[in-house]
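Read through the structure below, which is laid out as structure tokens, and then see the notes.
The values are calculated or read from the model by the stated rules, or taken from the named source; none is laboratory data. Everything numeric in this text was worked out from a predicted model, so none of it was measured. Every residue, glycine among them, receives a Cβ derived from its backbone with ideal geometry; neighbour counts consider all protein chains shown. Surface areas here come from the heavy atoms of the whole protein model, side chains and all, with no ligands, DNA or RNA. Shrake-Rupley method; radii C 1.70, N 1.55, O 1.52, S 1.80 Å.
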Amino acid sequence: MMSNALSQDVVERIAVVQGDITQQQVDAIVNAANESLLGGGGVDGAIHRAAGPQLKQHNRTLGGCKTGLARSTPAFDLEKRGIRRIIHTVGPVWSDGDEDAPLGSCRDDVLLASCYHQCLELSEAEGLATVAFPAISTGVYGFPKHRAAKIAISHVLGWLAGHQLPQKVIFCCFSQEDADIYRQAIDTRQKWMSSRRQR
Ligand code: AR6
């Protein structure tokens with residue numbers, strides 16, 4: 001998915017912010033949901049509270065969502081804040097593999113990358129220009145944070161290199177520590193890209 005020809009323009013289409021995803025000024029927010037799509041704790045709980053009870057009522061009609069897939073819904077009460085859609089995706093539960101194994105070598109990596117891919121595809125199909133992602137699977141689902149950030153960044157940059165939409169992707173981290181992990185991963189990626197360009 002990653003292209004060696006990634007340009008600075010693509011890197012400028014991503015941003016890291018620290019905060020509550022329900023407060024972001026974007027067209028769509030991604031929810032780290034569970035397979036029921038009926039709400040839970042963490043970011044899922046925050047999004048359901050902010051969107052209001054209609055979201056749960058609507059999601060009852062969807063019949064759930066498998067791990068690695070995504071579903072788009074209206075944003076209900078969040079529309080007042082300018083958010084048009086909520087894209088619900090179900091990340092993998094980290095299955096205690098070797099967190100230092102090469103990236104992409106375990107099923108959980110593939111499923112997590114699939115979550116990003118599905119959300120980006122839906123964003124493009126729905127004409128959404130700005131999308132905010134939480135750090136999917138890195139809370140209750142226990143995915144190692146650095147590993148998840150590398151997968152998220154690599155996959156999103158790869159997508160943006162080949163697609164006009166979304167125009168901008170925000171990685172919305174709840175804690176400063178998580179935001180630093182993303183910034184460090186982007187920095188490492190940029191250094192790697194410029195070293196390849198100089199060869
Ligand atoms: N805004 C942005 N990020 C947040 C927010 C928020 N308001 N609240 C938490 N986070 P988690 P998972 C961060 O556990 O690991 C739910 O119960 C949090 O700090 O929400 O994919 C679902 O129903 C962490 O970095 O999602 C599922 O059962 C990240 O969001 C299960 O948890 C993800 O943490 C999904 O687990």
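Return the distance in nm (one decimal) between the two label points of a simple spin-label model at GLN176 and GLN54, each offset 7 Å from Cα along Cα→Cβ.
Computed distance between label sites GLN176 and GLN54 equals 3.8 nm.
Using r as the Cβ-Cβ distance of ARG81 and TRP192, and R0 as 30 Å, what FRET efficiency do you calculate, to the nearest 0.05? All intermediate terms of the calculation are to be shown ahead of the outcome.
Values: r = 37 Å, r/R0 = 1.22.
Calculated transfer efficiency: 0.25.
If you roll a 1.4 Å probe over the heavy atoms of the protein chains, what accessible area per residue do you get for segment 24-198, in Å²? If you can, show how the numbers build up before the last one.
On the way: 8030 Å² over 175 residues.
It amounts to 46 Å² per residue over segment 24-198.
Would you mind computing, in nm to one decimal, how far apart the modelled labels at ALA125 and GLN184 are, each placed 7 Å from Cα along Cα→Cβ?
3.7
Return the sequence-ordered ³J(HN,Hα) values of segment 8-14 in whole Hz as given by the Karplus equation 6.51 cos²θ - 1.76 cosθ + 1.60 applied to θ = phi - 60°, using x for Gly and Pro.
Per residue, the Karplus-derived 3J(HN,Hα) values read 4, 4, 5, 4, 6, 8, 10 Hz.
For the chain, which whole-number percentage of the solvent-accessible area (1.4 Å probe, protein heavy atoms only) is attributable to carbon and sulfur atoms? Write down the numbers at each step before the final one.
Numbers: 4620 of 9450 Å².
C and S fraction of accessible area: 49 percent.
Using only the Cα atoms of the chain, construct the convex hull and provide its projected area averaged over every direction, in square nanometres to one decimal.
Average projection, Cα convex hull of the chain: 10.4 nm².
When the dipole is taken about the Cα centre of the chain, and only Lys, Arg (+1) and Asp, Glu (-1) are charged at their Cβ, what size is it in debye, to the nearest 20?
Working: 21 positive and 21 negative charges, 76 e Å.
It works out to roughly 360 debye.
Can you list residues whose amide H is under 5 Å from ALA75's amide H, if they're 5+ apart or on another chain and H is modeled 1.01 Å from N?
For ALA75, whose amide H was placed from the backbone, the distant partners under 5 Å are ILE86.
Can you say what percent of the DSSP beta bridges in the chain, counting only those with both residues inside, are antiparallel? Round to 5. Intermediate results must be reported in sequence, preceding the final value.
Values: 5 of 22 bridges.
That works out to approximately 25 percent antiparallel.
With θ set to phi - 60° and the Karplus curve 6.51 cos²θ - 1.76 cosθ + 1.60, what are the ³J(HN,Hα) couplings of segment 123-140 in order, to the nearest whole Hz, using x for Gly and Pro?
With the stated coefficients, segment 123-140 comes to 4, 5, 4, 9, x, 8, 7, 10, 9, 10, 10, x, 7, 3, 6, 8, x, 4 Hz.
Using the C-alpha atoms of segment 84-199, what convex hull volume per residue, in cubic angstrom, is computed?
Working: hull volume 13.2 nm³, N = 116.
So the per-residue Cα hull volume is 114 Å³.
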